[in-house]
1. So which residues in the range 1-38 are aliphatic (A, V, I, L, M), under 17 Å from the mean Cα position of the chain (by Cα) and part of a helix (DSSP H, G or I)?
2. Only one of (1) in a helix (DSSP H, G or I); (2) at pLDDT below 80 is not met by ILE85, so which one is it?
3. From the set of residues in the range 39-79 that are outside any loop (DSSP other than H, G, I, E, B), at pLDDT below 80 and not polar (S, T, N, Q), which is farthest from the chain's Cα centre (by Cα)?
4. How many of the residues making up the range 1-38 are surrounded by 14 or more Cβ atoms within 10 Å (Cβ to Cβ) and either of a type in the set (Lys, Arg) or over 21 Å from ILE63 (Cβ atoms) (or both)?
Amino acid sequence: MSALFNFHSFLTVVLLVICTCTYIKMQFPAILERKTGFRGFFWKAARIGERLSPWVAFGCFAIERAIFSFQEDSDPPSLHEVPRICLV
């Protein structure tokens, strides 16, 4: 399912974009120097990560807890359960 139709996945993608843009801006500031155009979106995400870093960190922690607490407890399939594909 696309991340646009699942709210939990959408929040995860937004937080990952904010964290990634902030990291890139700290390591390579010239890349996100322009505030307009296509790179302007990433500059704004980096600015959010810089100014709201405690809230972004809390959001990342909350998403991590949600992923691990709501994850289904299913074992990976064993070798005899994997469907075999025969090419004839």
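1. Applying the first criterion (aliphatic (A, V, I, L, M)) to the range 1-38 yields 1, 3-4, 11, 13-18, 24, 26, 30-32.
Filter once more, so that each one left must be under 17 Å from the mean Cα position of the chain (by Cα): 1, 3-4, 11, 13-18, 24.
Correct list: LEU11, VAL13, VAL14, LEU15, LEU16, VAL17, ILE18, ILE24.
2. Unmet for ILE85, out of (1) in a helix (DSSP H, G or I); (2) at pLDDT below 80: (1).
3. LEU79
4. Final tally of qualifying residues: 3.
The values are calculated or read from the model by the stated rules, or taken from the named source; none is laboratory data. Just so you know, these numbers come straight off a predicted model, no measurement behind them. Using ideal geometry, Cβ is built from the backbone for each residue, glycine included, and neighbour counts are taken over all protein chains shown.
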